[in-house]
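The structure appears below as structure tokens.
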Amino acid sequence: MTELLHLPKIEDRRGNLSFFEDFKQLPFEIRRVYWVYDVPGGETRGGHAYHQLQEVIIALSGSFDVHTEDSSGKKVYSLNRSYMGLYLPPLTWRNLENFSTNAICLVAASSFYNESDYIRDYDSFRTIVYGK
Ligand code: TYD
């Protein structure tokens, strides 16, 4: 199931600090980190699911919405706090939309980049998740 993770936040007059570690805050081992930035207004990212990959998505700066769909239905998460992570298990369709100016989307992923793990066709996704 998709889940919002409240990450540690160490408050300090010098500024705040947040973090995650494998198997402590995250339910998997991190193999890859990537980030999406300089997204033009109105653009959508994502539009796919993964067979195996798990990930946590964080709005490190700014805000954006994550539209998810899995066997339990559709949800929308508005991410705008750098201490909140959205955990997505395998077989979760996800679209990232409504990026604010200067938004930075950080993704910690459980596997290396592997195009064959992507499900990019929505009908194929629905067939896998719901049956025919
Ligand atoms: P993609 O995952 O389709 O982006 P998004 O889901 O954010 O819209 O990736 C876009 C392109 O970048 C695609 O050609 C694959 C490449 N890519 C890598 O080479 N390595 C990576 O770790 C990622 C995430 C993407």
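Close amide H pairs (under 5 Å, H built 1.01 Å from N) link residue 31 with 109, 110, 111, residues at least 5 positions away or on another chain. A straight Cα-to-Cα reach below 18 Å connects residue 9 with the aspartates and glutamates 21, 22, residues fewer than 8 places away in its own chain not being considered. The three principal axes of the Cα atoms in the stretch 15-91 give end-to-end lengths of 34, 31, 21 Å, sorted in falling order. Hey, if you drop one equal point scatterer on each alpha-carbon of the chain and run the Debye formula without solvent, what base-10 log of I(q)/I(0) do you get at q = 0.10, 0.14, 0.19 Å⁻¹? Scattering profile of the chain, log10 relative to I(0): -0.32, -0.63, -1.13.
Here the label points at residue 78 and residue 22, each 7 Å from Cα along the C-beta direction, are separated by 3.6 nm in the simple model. Using Cβ point charges alone (K and R +1, D and E -1), the dipole size of the stretch 1-83 about the Cα centre works out to roughly 200 debye.
Between 83, 50, 113, the GNM of the chain built on Cα springs shorter than 10 angstrom shows 113 fluctuating the most. In this simple spin-label model, placing a label point 7 Å from the Cα along the Cα-to-Cβ direction at both residue 127 and residue 6 gives a separation of 4.3 nm.
Over the chain, what is the mean sequence separation of C-alpha contacts under 8 Å (at least six apart), divided by residue count, expressed as relative contact order in percent?
Details: 297 pairs, mean separation 45.6, N = 132.
It comes to 35 percent, rounded to a whole number.
FRET efficiency for the residue 116 to residue 32 pair, using the beta carbon distance and R₀ = 22 Å, is estimated at 0.90.
One compactness figure for the stretch 82-132 is 1.40, namely its Cα radius of gyration divided by 2.2 N^0.38 Å. Comparing 117, 12, 70, which has the greatest mean-square fluctuation in the GNM of the chain with Cα pairs linked when under 10 Å apart? In this elastic network of the chain, the residue with the biggest mean-square fluctuation among 117, 12, 70 is 12. Mind telling me which of 68, 92, 44 comes out most flexible in a GNM of the chain, alpha-carbon contacts under 10 Å? Its mean-square fluctuation being the largest, the pick is 44.
We did not get these values from a lab; they are worked out from the coordinates using the rules stated. This one's a predicted model, so the numbers in the text were calculated from it and none came from an experiment. Every residue, glycine among them, receives a Cβ derived from its backbone with ideal geometry; neighbour counts consider all protein chains shown.
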